[in-house]
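Below is one structure, written out as structure tokens, with a few remarks after it.
The values are calculated or read from the model by the stated rules, or taken from the named source; none is laboratory data. Everything numeric here is computed off the predicted structure, so don't read it as measured data. Positions of Cβ are backbone-derived with ideal geometry, glycine not excepted, and every protein chain shown enters the neighbour counts. When the accessible area is computed, the model is the full protein with side chains, heavy atoms only, and any ligands, DNA or RNA have been set aside. Shrake-Rupley method; radii C 1.70, N 1.55, O 1.52, S 1.80 Å.
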Amino acid sequence: MRTGLKLLVLLALAVGFALLIQDSNGYFMLVTGDERRTVSLMTGIFLLLIAFVLVYLLVRFIVALSTSPTTYKQWRVRRHTSKDVDLLEKGWLELIEGRAGLAEKDFTRLFNHSHNPSRQAIASLAAAKAAHMSGHHEERDKLLLMAEKKSSHFPRLAEATATVKAELLLDQGESKQAQALLEALDTANGSNQEHIQKLLLRAYKQTGNNEKLLPLARIMLKKGRLDRFEALRLIEHAAAGTINSAASEEWQYVWKSLNSDEKTMPLVALAASARFDAKGDSKNAGKVLEHALEITKDARLLKAYVQTAGELVHDRLAMAQTWLKNDGNNPQLLTALGYLCLKGQLWGQAERYLTRSLAISAEAGVQSQAQAGLETVVSRDEALTHALLGTLYDRLGRAQDAIKHWRIASAATSALPVLNNDSILPAADTTEDPDGPPDRKKLDNLDERIMSTKISADTDYQADEYFDTAPIPGYEAGKQSRK
């Protein structure tokens, strides 16, 4: 738009100037010594314009000749940079797409082609990541060394190199070396580098350093630098690990330092309950599990709650029955109630809870597996319920029912073969078998029968129907060797 307006203005000025000088009687005189040259005003103006253009072009040409070395050098640099940028873009695109082998080749070409140390450092770092993804560990280590050399004079690139090196060490399982690098970077950056802190979380988790993992996960959750689900999972893991590894005098200080939400996390509650139970404090162990179970009816919590009941079976049974009022169709809770009733020798209630749990689980399993088009199978939770029912029926003297449920439980928890009824061999006929062991066969009155037996020299042994015609072991072999 602006270019069109400028052309219109110039055209208007040219037309106006032409109209002004069209009827002009002026002339243009050039005096050189004794000679005078006279031309019309319009001709003189055009000659001046032509002379100006020629002089301008001549000056530009002289300037271009004088600056040609510098201009050529700048052109070469721009051309070289353009090729570097093309290789860098191509390599990163291949790395993002997962073609690590091609990316490694392009980044290596960029490293060899570029004359810029910073671009060489970036290329070697990217090539090291690509080589790591491809499993070329020796080549990766060489590229990392080159990146460290090239980035030594660039503080920011040096930090990037250390970060990439720490990340690759974490992937390789060298957690302690990675932790040392990351802690130095975190101190230098003043805890403002989000990626470094996430890598530190990985390093602390791999090394089992729960004392540092717990506060860092809390900080990152508070600042919103980490997904809430992942942060809570790390906090739960770190808090439970700290309680489990703490000394007998110190773990309670760790427990008291946790907030109410952290204390109700399943792993944390299980760890604290185990420590209380180890002290013989079943009451506090039960309270810890009860507070956690009020938040979530986790199967692990229910299992620990019923197995550590001890003498508090009836108290815990009453508490579990209050939970059942609000969650009556929870098969795991029903199984837990059945377990407590078994421990309390409440046979009728135990059978009622366990059979109800199986009915609810079977109904839910049939619906889900029918939607998926799969055969109905028994889950591990149902296997536990069957095992408890088998124990109950065995206690009540109902052997067939007990065997039935035990078979179902064992088939669900073990890889047992499926046997076809048609291929089962019939039972062996034992009617003619001796009453006792072979060496005790018909030993009654043995002496009398031996003394009454008469053996003559001309007895035909082949006619005896009980004569064993099998060769004596080793006899034939000895006979051949003597020959």
Quick one: ASN329 ticks every box in (1) under 28 Å from ALA269 (Cβ atoms); (2) open to solvent by 50 Å² or more (accessible area, probe 1.4 Å); (3) in a helix (DSSP H, G or I); (4) at pLDDT below 90 except a single one, so which number is it? (3)
Taking the condition of being out of contact with any helix residue (DSSP H, G or I) (no Cβ under 6 Å at 6 or more places or on another chain) and either open to solvent by 30 Å² or more (accessible area, probe 1.4 Å) or modelled with pLDDT of 90 or more (or both), how many residues in the stretch 352-368 meet it? 9
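Residues checked against (1) open to solvent by 50 Å² or more (accessible area, probe 1.4 Å); (2) in contact (Cβ under 8 Å) with a residue 24 or more places away in the chain; (3) closer than 27 Å to ALA318 by Cβ:
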site: ALA246; (1), (2), (3): no, no, no
site: TRP255; (1), (2), (3): no, no, yes
site: ASP261; (1), (2), (3): yes, no, yes
site: PHE276; (1), (2), (3): no, no, yes
site: ASP281; (1), (2), (3): no, no, yes
site: VAL288; (1), (2), (3): no, yes, yes
Residues of the stretch 114-141 being farther than 17 Å from LEU168 by Cβ, open to solvent by less than 40 Å² (accessible area, probe 1.4 Å) and not small (Gly, Ala, Ser), in sequence order, are GLN120
Is it the case that the stretch 22-36 has a residue that's among the β-branched types (Val, Ile, Thr) and surrounded by 10 or more Cβ atoms within 10 Å (Cβ to Cβ)? no
Can you report the number of residues in the stretch 251-269 which are part of a helix (DSSP H, G or I), in contact with a helix residue (DSSP H, G or I) (Cβ under 6 Å, 6 or more places away or on another chain) and either over 11 Å from GLY241 (Cα atoms) or not aliphatic (A, V, I, L, M) (or both)? 5
Among the residues of the stretch 218-233, write down those that are in a helix (DSSP H, G or I) and under 18 Å from the mean Cα position of the chain (by Cα). ARG228, PHE229, GLU230, ALA231, LEU232, ARG233
Being open to solvent by less than 60 Å² (accessible area, probe 1.4 Å), in a helix (DSSP H, G or I) and modelled with pLDDT under 90 is true for just one of LEU324, LEU337. Which residue is that? LEU324
